[in-house]
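A.B. asks: Sharing a structure here in structure tokens format.
The values are calculated or read from the model by the stated rules, or taken from the named source; none is laboratory data. Keep in mind the model is a prediction, meaning the values are calculated, not measured. Methodologically, a virtual Cβ is constructed for each residue, glycine included, from the backbone with ideal geometry; neighbour enumeration extends over all protein chains shown. Calculation scope for accessible area: heavy atoms of the full protein, side chains included, ligands and nucleic acids excluded. Shrake-Rupley method; radii C 1.70, N 1.55, O 1.52, S 1.80 Å.
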Amino acid sequence: MAKFQIYNVQVLPIKDGVKEIGVAGYKRLFRLLESFNFKHLKSGSEGSIHFRLSSDVFIGPDKIKTAAGVVYGNFVRYRKTEKVRELASKRTLYKAGAKTAVSDANELAFVFDPQNHLLAIEVGGRFPPAEKFSDWLANILTGSAGDNWPDHELTVNVVSNSAALDEVFKTAKAYKYADIELTFLNGSDVEDILDSMRADRVRKLELKASAGKSGTMPDLPPLVKSFLKYAAEGLGTAIVSFFVESKAGDETKLRKKKYDSRQSPLTFQVNRTSADQDPTDFAERVKKKMRSVSSIAIHTENP
């Protein structure tokens, strides 16, 4: 059983008259990632672009394949080692020299849907926090893209579990503040309140609703709640400081809590089966499940 997290990868125009990169562009983005990674592997500088989990443990891209409606392959989590020693005698059995030697290499499957620009990555075993991984993914993809889309901006957002935010709305007795950073979508179906912003090519919205230094809000306005939901679904980030009831003996008090959409990633599971005749079969099943569990309804233009 493979467990996946979902990330929303967007490359959006930042100038009037500029088209989306489309399905072909998103596929090209991952081919560029493959070339970018290979260049660093060849030069032995992969440590400068791979995610560092600890002093000697890294995660980075490995195999990347492109099929008709999906991009798939795997990342690899590995431990770099300069030499291998015999445990008893401490005698050096192998020394890497100029080459990059690794041990404990574990493959982590990924599937990218170029139509909905959603990325699912396997998170079995040791895996970085979703917030840090999304920041790293944005950096390595931007580095891979280079100057190919100078009139576009690349962002990566965590797709969070909507149940966690619903629980905030359900249990909160008061609110201290709500911080929202929202990235708008081309071609997405959003509420009428966003139409004018989209028409004026507003790509990012940063909003803070606060009760001030010492105040609290009994509830959040419907507009703010709508923005929070969109951000949490993978269109940005949502942070809420709120209060819940907490009992201390016979006394009921308000206890402050904090919700961060990046800390509640949406996950799903897909079985690996012998019925998969080809790696593409598994990738297609992961893509189908990802679409079914994600609330984002995105359909990229395909120029």
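A.B. asks: Show the residue pairs meeting these rules: Cβ distance below 6 Å; 6+ apart or different chains; first residue within region 115-144 and farther than 19 Å from Gln263 by Cβ and of a type in the set (Asp, Glu); second residue open to solvent by 10 Å² or more (accessible area, probe 1.4 Å) and not in a helix (DSSP H, G or I).
C.D. replies: What qualifies is Glu122/Ala109.
A.B. asks: In region 234-257, how many are over 32 Å from the mean Cα position of the chain (by Cα) and polar (S, T, N, Q)?
C.D. replies: So the count comes out to 2.
A.B. asks: In region 105-122, which residues are open to solvent by 10 Å² or more (accessible area, probe 1.4 Å) and modelled with pLDDT of 95 or more?
C.D. replies: Ala109, Glu122
A.B. asks: Something else about it: Looking at the structure I just gave you, is Lys229 open to solvent by 60 Å² or more (accessible area, probe 1.4 Å) and assigned to a strand (DSSP E or B)?
C.D. replies: no
A.B. asks: Something else: Within region 265-303, work out how many residues are modelled with pLDDT of 80 or more and open to solvent by less than 30 Å² (accessible area, probe 1.4 Å).
C.D. replies: Final tally of qualifying residues: 9.
A.B. asks: Something else: Suppose we keep only residues that are of a type in the set (A, V, I, L, M, F, W, C) and touching a Lys or Arg at 6+ places or on another chain (Cβ under 6 Å) within region 111-127. Which one would you say is nearest to Thr66 (Cα to Cα)?
C.D. replies: Val111
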